[in-house]
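A.B. asks: Here it is, the structure in full.
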Amino acid sequence: MIGIFHVFMWYFLLVLYKGQIKGAFGIYEPITYKTGCTLWGIFFIIAGVFIIAVTKYPTRSAIICTLIINIFCIITTITAVTLTIIELSHFNSPSYRNYGQAKLGREVSRILLFFYPLEFSVALTYSVCSCSNLFRRQSDLTSVAEEAENTF
């Protein structure tokens, strides 16, 4: 759900920044817009799909794959927070024609900055739980193997 929200915000920023008029001071293109930072919400959508798949069909390889994707989501979130903070700390005044669009874009970045810790906590919680699940499954497998050896 958070990933879909980020993709919609990316589309909003795309429409917002593409409508700028070139002025004497140029147009406003923040670093998060140039890198497509809000489009990275696709990674969270993919991670959510993998989590649902693992919940229905829990196999060791699927759990490991989902764990890797969630670790990648954690790294993505940390990168996005860093880029957003850099964007919000530097503001070169654009042309007066684009000032309203620049201010609105910065407000969208502030809203997204609020949602990054939520994404981070979801990915971290699932990663910790899946690691504990992997270790539990590994110990269950060894205990089953030991029981099989003891019966013969």
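A.B. asks: Out of all the residues in segment 29-58, which are at pLDDT 75 or above and in a loop (DSSP other than H, G, I, E, B)?
C.D. replies: T35, G36, Y57, P58 - these are the residues of segment 29-58 that are at pLDDT 75 or above and in a loop (DSSP other than H, G, I, E, B).
A.B. asks: Does G26 satisfy the criteria of being assigned to a helix (DSSP H, G or I), farther than 30 Å from F135 by Cβ, at pLDDT below 85 and out of contact with any Lys or Arg (no Cβ under 6 Å at 6 or more places or on another chain)? Even if it seems obvious, please write down each step before you answer.
C.D. replies: Working: assigned to a helix (DSSP H, G or I): no; farther than 30 Å from F135 by Cβ: yes; at pLDDT below 85: yes; out of contact with any Lys or Arg (no Cβ under 6 Å at 6 or more places or on another chain): yes.
No.
A.B. asks: Filter segment 90-104 down to the residues that are surrounded by fewer than 17 Cβ atoms within 10 Å (Cβ to Cβ) and either at pLDDT 70 or above or assigned to a helix (DSSP H, G or I) (or both) and list them by number.
C.D. replies: H90, Y96, R97, Y99, G100, K103, L104
A.B. asks: Another question about this same structure. What are the pairs, 6+ residues apart or on separate chains, where a residue within segment 109-126 that is at negative phi has its Cβ under 7 Å from a residue that is of a type in the set (K, R) and surrounded by fewer than 17 Cβ atoms within 10 Å (Cβ to Cβ)?
C.D. replies: Filtered contacts from segment 109-126: no entries.
A.B. asks: Could you please give the count of residues in segment 80-89 that are loosely packed, with under 14 Cβ neighbours inside 10 Å and touching a residue at least 40 places away in the same chain (Cβ under 8 Å)?
C.D. replies: Residues in segment 80-89 being loosely packed, with under 14 Cβ neighbours inside 10 Å and touching a residue at least 40 places away in the same chain (Cβ under 8 Å): 1 in total.
The values are calculated or read from the model by the stated rules, or taken from the named source; none is laboratory data. The model shown is predicted, which means the values in this text are computed figures rather than measured ones. Because the Cβ atoms are built from the backbone with ideal geometry, glycine has one as well, and the counts that use them run over all protein chains shown.
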